[in-house]
Amino acid sequence: MSDLHARAEAAGLSRAWQDANGRDQIVSDEALAAILTHLDADAVEPSFVSADRGEAVALPSSWQTGAALLTLENGRIVSVVIEAAPDGSLCLPALAEWGYHTLEQGDRRCTLAVAPERCPAPPAERHWGSAVQIPSLREGGGAYGDFASLAQAARTLGHAGAAALAISPVHALFPADARRFSPYAPSSRIFRNIWLAPAGDAVPDAPALIDWTGAAPDRLQDLRLVYDRMDDSATSAFEEWRRARGERLEAQALFDALHAYFHQRDHAAGWRDWPTPFHDPNGDAVARFAYEHSDAIRFYAFAQWQADRALGDAAAQAKSAGMAIGLIADLAIGVSGDGADAWSRGDELLTGLSIGAPPDPLGPDGQNWGITALSPFALRRQAFRPFIETLRAVFAHSGGIRIDHALGLCRLWVVPEGAPADQGAYLAMPFADMLRILRIEANRANGGRGAIVIGEDLGTVPPGFRDVMARAEMLGMRVLPFERDDKGRFLPADAWDAQAIAMTATHDIPTVAGWWQGRDLDWRARIADRPVSPDERDHRADEKSALWDMIGDDGGEPEEPATVVDAAIRAVAKTPCPLAIVPVEDLLGLDEQPNLPGTTDEHPNWRRRLPDTLANALADPAVAARIATLNAR
């Protein structure tokens with residue numbers, strides 16, 4: 001083995017990988033060398049050990065047999081004995097108490113995370129829910145939907161019988177740059193998107209597409225008015241909240257103030273475009289800015305308070321309306337490399353690397369998502385604190401979470417910034433540790449009542465990954481267009497995986513009505529400036545027949561998309577899945593999807609508004625009948 005290959009193996013990079021067609025592929029030496037230059041993979045003394053409750057705890061070889069002290073999370077101190085296993089490895093006897101404990105022996109000290117056996121189970125029996133893009137909501141009459149709109153929508157759906165309402169990520173974006181509105185490329189996953197903080201008056205005749213370049217600055221102005229008019233009671237509550245959030249909030253608010261300043265002055269996209277002295281968050285230039293712009297920093301902290309309170313109220317409204325689960329939050333897989341986390345906590349991230357996906361039939365050139373992720377080496381050095389903080393932020397106010405690209409807990413396709421997506425490699429993540437932490441945080445979420453965990457397990461799934469998910473009580477995702485047997489036939493509803501949620505569609509694929517009418521084919525052809533080919537039309541016609549064979553009745557294929565939508569909802573309602581999620585676009589029978597992957601300006605991603613408020617839409621007889629089907633099933 002060459003030195004390069006040995007270093008790659010030690011860092012967790014895989015030279016060999018298997019593509020979506022099952023063919024073995026080899027990463028070039030040039031790609032491995034380029035990736036290794038960005039990995040801080042030096043070995044360190046482990047300060048974190050994880051284990052399963054009721055099983056022996058494996059310890060690093062640097063520890064010794066004999067007595068040690070264990071401080072449990074509740075503060076109780078107990079004496080323990082480190083033993084040698086028959087194979088010579090060191091271990092601690094099984095522990096019954098789960099949580100984060102501290103093990104000490106002489107001058108050695110480490111965090112010991114003991115996890116419960118599984119994530120919380122979904123509520124008994126089978127339930128249904130919906131999924132919304134918050135800005136698409138019409139509740140409240142604003143230029144776009146916000147957390148107050150979400151609260152109203154949650155009440156409406158809860159009273160209609162829904163047990164859950166899934167939302168796209170609400171992570172912090174770039175408040176001063178209205179062009180950066182994708183929820184999956186956040187500045188930070190710890191804080192909120194302050195554009196969604198309620199403020200301002202209704203906007204008459206708001207258009208069908210959101211004009212973020214006008215609406216986002218208007219929202220900041222409205223929030224500024226609320227900030228300037230705070231009374232003594234609100235000021236006291238805000239300052240108490242701000243103190244409790246500590247240094248991390250101050251860093252976020254400072255970044256937002258700096259970003260606003262340099263974006264307005266120099267059109268800077270992110271911190272890398274700032275003058276060099278401002279690249280160091282602890283430098284003199286930043287300290288002077290903080291002193292001179294303290295009110296701007298305070299305003300951005302206030303906006304976070306407004307957003308967090310409003311999100312909490314939406315969660316409370318969902319529960320009070322009878323939702324057994326409530327809001328299901330979404331955790332994006334990573335953050336922008338020029339955002340707040342990368343500026344203030346760059347040592348936590350895979351700086352210099354982007355994450356994405358290798359080439360596959362849907363993306364022959366691979367995918368580069370233009371974001372980075374937590375570094376496995378930094379996680380180990382920092383006792384997994386960044387991951388724990390991230391989970392706690394997304395679990396707050398939610399009865400469940402969906403982990404975008406859950407395969408990233410196991411491995412990430414990493415690419416040097418600026419390199420083609422096919423010049424990447426898989427980097428191993430500390431899956432066992434991260435999964436145990438996830439189980440701990442899921443069980444203590446929601447005020448100790450626990451929260452369900454859904455992992456997006458679509459695409460090229462490593463062997464055994466779904467089995468591990470199932471043992472941990474993580475729910476997978478089964479989506480109608482993708483549920484096929486090995487011959488490509490659609491699976492009947494009763495054959496779907498019971499350890500997953502059932503969905504008619506996701507935000508990244510066509511709605512049922514849109515797929516039936518070929519709207520996705522039309523969009524792709526329009527973007528490529530060509531007609532839809534006869535082969536594409538014929539293939540879709542064959543797929544429509546195959547789908548109708550599974551979901552339809554004995555009659556011929558219907559011409560009306562609404563009939564297909566009804567049948568699709570009946571099908572997902574009949575699966576053994578504990579939760580069926582019907583996105584609001586399918587509940588209403590809409591044609592257009594919220595996002596078309598691989599596009600930016602060519603398709604109005606994340607800009608579509610719903611045609612009406614949900615309260616009005618659900619009164620439509622066709623929509624009411626679909627809800628009745630879901631409630632009956």
remark   = Within the range 78-120, residues being under 16 Å from SER50 (Cα atoms) and free of Cβ contacts under 8 Å to residues at least 24 places away in the same chain number 1
task = Scan the range 450-464 for residues that are open to solvent by less than 10 Å² (accessible area, probe 1.4 Å) and either free of Cβ contacts under 8 Å to residues at least 24 places away in the same chain or among the acidic types (Asp, Glu) (or both) and jot them down.
result = ASP457
message = Which of the numbered conditions does HIS38 fail, given that it passes all the others? Conditions: (1) at pLDDT 90 or above; (2) under 26 Å from GLU348 (Cβ atoms); (3) open to solvent by less than 50 Å² (accessible area, probe 1.4 Å).
response = (3)
task = Kindly indicate the residue of the range 489-506 that is in a loop (DSSP other than H, G, I, E, B) and open to solvent by less than 30 Å² (accessible area, probe 1.4 Å) and also nearest to GLU117 (Cα to Cα) among those meeting that condition.
result = TRP496
task = Within the range 48-67, track down each residue that is more than 26 Å from ARG385 (Cβ to Cβ), among the small types (Gly, Ala, Ser) and either open to solvent by 70 Å² or more (accessible area, probe 1.4 Å) or modelled with pLDDT under 95 (or both).
result = ALA67
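If you check LEU391 against the conditions, is it among the aliphatic types (A, V, I, L, M), part of a strand (DSSP E or B) and crowded, with 22+ Cβ neighbours inside 10 Å?
So LEU391 does not fit the description; no.
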query = Within the set of pairs 6 or more residues apart or between chains, which connect a residue that is open to solvent by 50 Å² or more (accessible area, probe 1.4 Å) inside the range 226-245 to a residue that is of a type in the set (S, T, N, Q) with Cβ atoms less than 8 Å apart?
reply = VAL226/GLN306; ARG245/GLN304
task = Name every residue in the range 170-191 that is hydrophobic (A, V, I, L, M, F, W, C), touching a residue at least 60 places away in the same chain (Cβ under 8 Å), farther than 11 Å from ALA332 by Cβ and not in a strand (DSSP E or B), in order of residue number.
result = PHE174, ALA176, PHE181
remark   = Selection from the range 345-370 of residues among the aliphatic types (A, V, I, L, M) and open to solvent by 10 Å² or more (accessible area, probe 1.4 Å) yields LEU349, ALA357, LEU362
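Would you point out which residue out of TRP17, TRP63 is among the aromatic types (Phe, Trp, Tyr) and over 27 Å from the mean Cα position of the chain (by Cα)?
The unique qualifying residue is TRP63.
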ask   = Which of the residues spanning the range 467-504 are within 17 Å of CYS410 (Cα to Cα) and either without any contact (Cβ under 8 Å) to a residue 24 or more places away in the chain or over 19 Å from the mean Cα position of the chain (by Cα) (or both)?
value = ASP467, VAL468, ALA470, ARG471
request  = Taking the residues in the range 298-310 that are in contact (Cβ under 8 Å) with a residue 40 or more places away in the chain and open to solvent by 10 Å² or more (accessible area, probe 1.4 Å) as candidates, determine which candidate is nearest to ASP404 (Cα to Cα).
outcome  = ASP308
ask   = Do you know which residues across the range 253-269 are without any contact (Cβ under 8 Å) to a residue 60 or more places away in the chain and part of a loop (DSSP other than H, G, I, E, B)?
value = HIS267, ALA268
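Assess whether GLN517 counts as being touching a strand residue (DSSP E or B) at 6+ places or on another chain (Cβ under 9 Å) and open to solvent by 40 Å² or more (accessible area, probe 1.4 Å).
For GLN517, the condition - touching a strand residue (DSSP E or B) at 6+ places or on another chain (Cβ under 9 Å) and open to solvent by 40 Å² or more (accessible area, probe 1.4 Å) - is not met.
Select from the range 408-420 the residues that are of a type outside the set (Lys, Arg) and open to solvent by 10 Å² or more (accessible area, probe 1.4 Å) and list them in ascending order. Spell out how you get there, then give the answer.
In the first step, residues of the range 408-420 are kept if they are of a type outside the set (Lys, Arg); the result is 408-410, 412-420.
Residues satisfying the conditions are LEU409, CYS410, PRO416, GLU417, GLY418, ALA419, PRO420.
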query = So which pairs qualify, if the first residue must be in the range 66-77 and closer than 12 Å to THR111 by Cβ and in contact (Cβ under 8 Å) with a residue 40 or more places away in the chain, the second must be open to solvent by 80 Å² or more (accessible area, probe 1.4 Å) and small (Gly, Ala, Ser), the Cβ gap must be under 8 Å, and the two must be at least 6 apart or on different chains?
reply = LEU70/SER79
query = So which of ALA285, ALA342 ends up being without any contact (Cβ under 8 Å) to a residue 12 or more places away in the chain, open to solvent by less than 60 Å² (accessible area, probe 1.4 Å), in a helix (DSSP H, G or I) and under 30 Å from PHE377 (Cβ atoms)?
reply = ALA285
ask   = Assuming LEU209 fulfils every condition listed in (1) of a type outside the set (Val, Ile, Thr); (2) open to solvent by less than 40 Å² (accessible area, probe 1.4 Å); (3) in contact with a strand residue (DSSP E or B) (Cβ under 7 Å, 6 or more places away or on another chain) apart from one, which condition is it?
value = (2)
message = Can you tell me which of (1) farther than 26 Å from SER182 by Cβ; (2) touching a residue at least 60 places away in the same chain (Cβ under 8 Å); (3) open to solvent by 50 Å² or more (accessible area, probe 1.4 Å) is the one ASP591 doesn't meet?
response = (1)
task = Test ASP457 against the criterion of being outside any strand (DSSP E or B), among the acidic types (Asp, Glu) and either touching a Cys at 6+ places or on another chain (Cβ under 6 Å) or farther than 23 Å from PRO169 by Cα (or both), and give yes or no.
result = no
task = Can you tell me which residue among PRO561, PRO576, PRO583, PRO531 is within 23 Å of ASP494 (Cα to Cα) and open to solvent by 20 Å² or more (accessible area, probe 1.4 Å)?
result = PRO576
Selected residue (criterion: surrounded by the most Cβ atoms within 10 Å (Cβ to Cβ)) from residues of the range 465-478 that are in a strand (DSSP E or B) and aliphatic (A, V, I, L, M) = LEU475
inquiry  = Just to check your reading of the model, which residue among LEU92, LEU70 is over 20 Å from ARG380 (Cβ atoms), of a type in the set (A, V, I, L, M) and crowded, with 17+ Cβ neighbours inside 10 Å?
reply    = LEU70
task = Select from the range 531-570 the residues that are of a type in the set (Gly, Ala, Ser) and free of Cβ contacts under 8 Å to residues at least 24 places away in the same chain and write down the one among them that is nearest to ALA505 (Cα to Cα).
result = ALA567
ask   = What is the number of the single condition among (1) modelled with pLDDT of 95 or more; (2) outside any strand (DSSP E or B) that ASP486 does not meet?
value = (1)
ask   = When you go through ALA321, ALA301, ALA307 one by one, which is the residue that is among the aliphatic types (A, V, I, L, M), within 21 Å of the chain's Cα centre (by Cα) and at negative phi?
value = ALA307
inquiry  = Out of the residues in the range 433-448 meeting the condition of being modelled with pLDDT under 95 and open to solvent by 40 Å² or more (accessible area, probe 1.4 Å), tell me which one is farthest from LEU327 (Cα to Cα).
reply    = GLY448
request  = Give me the pairs, please: first residue somewhere in the range 16-34 and surrounded by 13 or more Cβ atoms within 10 Å (Cβ to Cβ), second residue anywhere and of a type in the set (Ser, Thr, Tyr), beta-carbon distance under 6 Å, and either six or more positions apart or on two chains.
outcome  = TRP17/TYR426; ALA20/THR460
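The values are calculated or read from the model by the stated rules, or taken from the named source; none is laboratory data. Everything quoted here is computed from the prediction, not taken from an experiment. So basically every Cβ, Gly included, is an ideal-geometry build from the backbone, and we count neighbours across all protein chains shown. All accessible areas refer to the heavy atoms of the entire protein, side chains included, with ligands and DNA or RNA removed. Shrake-Rupley method; radii C 1.70, N 1.55, O 1.52, S 1.80 Å.
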